[in-house]
Structure formats: C-alpha cells, structure tokens
Amino acid sequence: MSDNLRTRFLSTSLIVGFFLLWEVLCIILNVSDLVLPRPSEILVTMYNRFPVLWPHILQTLSTTLIGFAFGVTIGVALGVIVGTSKVAYAVAYPLLVGFSSIPKVAVVPIFVLWFGSGTTPAILTAMVICVFPIVVNIATGLATTEPELEDVLKTMGASRSEILWNVGLPRAMPYFFASLKVAITLSFVGAVLSETVASNMGIGFVMMTASSNFQVSLVFAGLILLALMGVILYAIFSLLERRITGWATRGNDIAIT
Amino acid sequence: MNMTSNIPAPTLPIATPETTPASVRARSAIELQAASVVFGTGETAVTALSPTTLKMASGEFLALVGPSGCGKSTILKLVSNLIRPSAGVVLVGGREAAARKLRIGMAFQNPTMLPWLTIEQNVMMPLKIVEPFKRSYRQDKKGAFRDRVHALLKQVGLGDFANHFPWQLSGGMLQRSNLCRALIHEPDLLLLDEPFGALDQFTREELWQIMQDLYLDRAPTVLLVTHDLREAGFLASRICVMSARPGRVISDEPVTLPQPRDIATIYSPEFVEMTQNLREMIAQARSS
C-alpha cells in the first residue's frame, strides 16, 4: 500500500512539476503569450470563459459517447462473427486491416459531403475510428480461447451459442476492456477532429475560432480541457476493467480470502 | 478417512427417470464396434486408434491402461462425442454417441476450471447446460442447486472454498473441484482422462479414496483412462490393456478384489501380482 501511495505521490508531483516548469520557463525566457501562454493565464481564461465553454464541453462529450456507443455495438457484433468462425476470420481479416489502416482524418470530408457539417459527421467519425480496435480484440480473444475450456462444455452437450456465452465471451472480456480504453480515447480524437474541420459546436470548434482570433490562451484552455476529459474517460474504463476482469490479472480487488 | 460414513450424501435420485429409462441402463452403456480414428488424409494420415471393439455394462468401472499414445484418450473423446469415428460405430446407451442418450460427466487431466468463475459457479456449470437441470436453473441456482453444489464440495473436503477463484486453490483442490463438476449432474456415465496424473502420491491416494466413495455412493458407469496400474487396480472392476500405437485392446480382465478397497490393499500380495502381470503385458506391448 505504501508503494502505491508513493507512486501516486510521485506521479502527482510530476504533473505539478511539469506545469511549474512551464510557468517558470515562460517568465525567465520572456515568452510572448501569443506564442505560449503561461499555465496561470490559461487557468484564468478557463475560469472566466467557463459559462461559454460549458455547452461546447457537453457537445464534445456527447458526440464522443454516442459515437463510441455505436462503435462498440458494431465492433462487438463484427468481432463475434469474425472470432467465432475460422472462415470469416481468414476471409475478413485482410479487409479489416485495410480499413483500419486508412487515416481517419481522410473520412471526415466524406462524412461532411454526405451529412453536412455539425453533429452527425462528428458522431460518425468517433464511431469509425473506434470500431477496429474493438473488432480485432474481440476476435483475437475469441479465436485464442483454449480448446480445452470449450471441450469442457462440449462434453456436457452445450450448443454453440451456450459455448459462446459461457466460455468465449467471458474469455474475451480482458481483450474487450483493453480495447475499450484505447477506443474511448480514439473516439474522443475522432469527435474533436470532425468538430475542428466542420462544425459550429464543440471544443474543437472553439479552438479553431480562438486560434483564428489569436486568443491563444483560449486555444490552450481547450487543449487542457480535452486532456482532462480524455483522462477522465480513460480512468472510468480502467476502473470498469479492473472490476470486471480482475480474474485475468488476479487483482487484489476481487480476492476473497 | 471414510467420507461416506460420516457425511450423508446429497439425497438425490441416481437417475432422473424421464431422461434415463431403466431399459437403457440395463443395456450396455458403451459399445465400440470396430471403431477407428484417423487424423488427416493421404501421406500425412495418422492412425490414432486402429479398429477397436469394446463393450461396457452399466455400473461397471472400467480402467483403460496402456503405453502413451495408444489411443486411450481417443476412446474417451469418441464416447463423449468430441470426435467422430473415421470408421466403425460408437454406441453410448444403445444409440450413436452424437444422440447423447446418456448423461455424461467428464474430467480431464487438467482441471480446466473457468478462471473467471468461482469454484461454486464452476461446479454448477453442468446444471446450467445439461437437461433436465437447465430448465429450472434460473429458479434453483440460488437455492436447491447451490445447496447441492455445497454438499458435494463438502463431501470432497472443499466446503470452505466454494467462493474462491480457481487460482487461489492448489492442484489437488482443483482436481477435486474437477471431479465435483463431473459428478454434480448425476451422470450415468463418468469419463475420466488421467484426472490424478499430475498430483503427488499422497494427494493421489486421497483422491482415489474419494473417487471410490463417490462411485460406490452413486454407482455411475465409469471409464477411467490412466497409466497408473495401481490406480487402475484400486478403483476399477475391470481392466483393459491396450497395445502401443496404433492401439488395440490386448487384454481384458475383471478385478476380483472386493469393494470398497482399502489403500493397504495396494501392498497385498495378490494386488502386487496383478499389477506385475499388467506391467509385463504393457512392457511387451511397447516393445512389439
């Protein structure tokens, strides 16, 4: 426990130290706040403009989460299909790899072309960007299930769907949650990307407008808000992961002694 | 350590009449008619089991012994319908193995407990999957089924470990849970694939006794695959010896010692003589 506390203390002081160094270097080197505003200035801007920023925060969060939810649903469905069938795995894998290697920035203009600017392309970008890690992880989890575990249920006369529900899916859960942590961060990137290109709402849009008006401290305020939101979303999914798949890491959280 | 005498066994019917009519139990439980298994085709084909004929009556405890790679485990896989015979017929309860006429419980050499479930949930798994239990699983999983699992765990000395996860248990404890999972749904046919192989001598002897008690208590038909001759002699009512790859049954003898047997039996002259004979037979099978 004391080790844990020490790690926490060190990581907190690293974060604080980073911002302190930033502040101090800006003062010593006399950096113009048009280039790099000091953290204290950014904080003040964030506080003063918060009523204006709040709806944009909500917009970015909701598009991210809606896109993420769609992405997870589609990703799990595709992952189960690809992971349970050897044929589907062999046939679909090259196509999936091809899709996932497309830079997702490239799809934003297409979505804007189809759906106009605004919320829809942001949701769609958040969705497509997070589908592939989920598909690949679910499929890997299912495809690498030990045959012995499946044999246990087969000898009981279990159907294919019973084996999937009782062995395959629980076995794939650690893979699924590992991918969720990656996917939520990617969704977030996707939503902000689309807002930056084509939207009049969201933190991405705020940063775009602020930078064209040379409100540099507002740009940085947006950046820090994005980082905060990203960390919080990541933390939520880490917590869920530890709760649900503790058996895979033999975590002390679930040990009953 | 006679566990059946001081702890009453869970009072449950040995077989549910609707799934297992008396006529089925009276017929031979397992029948292999020139069943063989070949993996692959052409030049790379591997014969796992050459045509084998074997018959087992209900209530028998048959031990299959033989050198490794002779197809012992293949026979178990045929009976449990994990693989199909390449030629010949495998009848279980008078029907093809795929028809699942008999309720089967199986324990492998590895305990293969599902790591995300507690021991209780693992042992309860057959009740979730196998008819007729699965019909009432939702109502009974917190009540009757749970009591049943706990009673069986207590019988093998795991009463306090129901809520532990598999990785918190020792190898011997896991193997006990494995036996419980194979027995919880009162199978007509119990298939054991070297379940005591990876254990130390003392734990093994302890589990032999537990196994014998469970067998005498519930009277299923048991097919045990092992390469431990003393294990075969201690537990079985009949021993079949198989020849080396590709396997074939070369000897088929009943064990005449009365049951229940005591661990001390293993060191009696007639027991030693029996295992010596088996040993020579297998040694010959290996060299030929």
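Converting phi to 3J(HN,Hα) with the Karplus coefficients 6.51, -1.76 and 1.60 and the offset θ = phi - 60°, the stretch A:220-234 yields 5, 4, x, 4, 5, 4, 4, 4, 4, 4, x, 4, 5, 4, 4 Hz in sequence order, with x at every glycine or proline.
From the C-alpha coordinates alone, can you work out the Kirkwood hydrodynamic radius of chain B, in Å?
Details: mean 1/r = 0.0510 Å⁻¹.
About 19.6 Å for chain B.
Can you work out the FRET efficiency for the pair B:ALA264 and B:LEU216, with r the C-beta to C-beta distance and R0 = 22 Å, to the nearest 0.05?
Numbers: r = 18 Å, r/R0 = 0.80.
In this case the efficiency is close to 0.80.
Taking the C-alpha atoms only, the angle from helix A:119-143 to the longest principal axis of chain A is near 40 degrees.
Does the stretch B:160-222 come out rounded, prolate or oblate by the C-alpha gyration tensor, with a ≥ b ≥ c the root eigenvalues, rounded set by a/c under 1.5 and, if not, prolate when a/b is larger than b/c and oblate if not? Walk me through the numbers before you get to the answer.
Working: a/c = 1.94, a/b = 1.33, b/c = 1.46.
Judged from the Cα gyration tensor, the stretch B:160-222 comes out oblate (a/c at least 1.5, b/c at or above a/b).
In angstrom, the C-alpha Rg and Dmax of the protein assembly as shown are 31.8, 101.
Shape verdict for chain A, please, from the Cα gyration tensor: rounded (a/c under 1.5), prolate (a/b greater than b/c) or oblate. It is oblate, given that a/c is not under 1.5 and a/b is not larger than b/c.
Filter the cross-link list B:LYS55/B:LYS142; A:LYS181/B:LYS134; B:LYS134/B:LYS154 down to pairs whose alpha-carbon distance in this structure exceeds 31 Å. Please report the intermediate quantities before stating the final value.
Working: B:LYS55/B:LYS142 40 Å; A:LYS181/B:LYS134 36 Å; B:LYS134/B:LYS154 23 Å.
Where the Cα-Cα span goes over 31 Å, the pairs concerned are B:LYS55/B:LYS142; A:LYS181/B:LYS134.
Seen against the Cα atoms of chain A and their longest principal axis, helix A:86-100 is set at about 10 degrees.
Kindly identify the stretch A:158-257 as rounded, prolate or oblate by the Cα gyration tensor criterion: order the square roots of the eigenvalues as a ≥ b ≥ c, call it rounded if a/c is under 1.5, otherwise compare a/b with b/c, prolate if a/b is larger, else oblate.
Numbers: a/c = 6.17, a/b = 2.34, b/c = 2.63.
Here the stretch A:158-257 falls in the oblate category.
Listed by Cβ neighbour count within 10 Å, with the fewest neighbours leading, B:HIS185, B:HIS150, A:HIS56 appear as B:HIS150, A:HIS56, B:HIS185.
Rg over Rh for the stretch A:30-138 works out to 1.17, using Cα positions for both radii and the Kirkwood form for Rh. Counting every C-alpha pair in the stretch B:40-152, the share spaced more than 24 angstrom apart comes to 43%.
When A:GLU148, B:GLU96 are sorted by how many other C-beta atoms sit within 10 angstrom of their C-beta, beginning with the fewest, the order is A:GLU148, B:GLU96. Between 0 and 90 degrees, the angle of helix A:2-28 with respect to the longest Cα principal axis of chain A falls at about 30 degrees.
At a 10 Å Cβ-Cβ cut-off, how would you order B:TRP116, A:TRP114, fewest neighbours first?
Ranking B:TRP116, A:TRP114 by Cβ neighbours within 10 Å, fewest first, gives A:TRP114, B:TRP116.
A short reminder: the numbers here are calculations on the coordinates, not readings from a lab. Model, not experiment: these values are computed from the prediction. Positions of Cβ are backbone-derived with ideal geometry, glycine not excepted, and every protein chain shown enters the neighbour counts.
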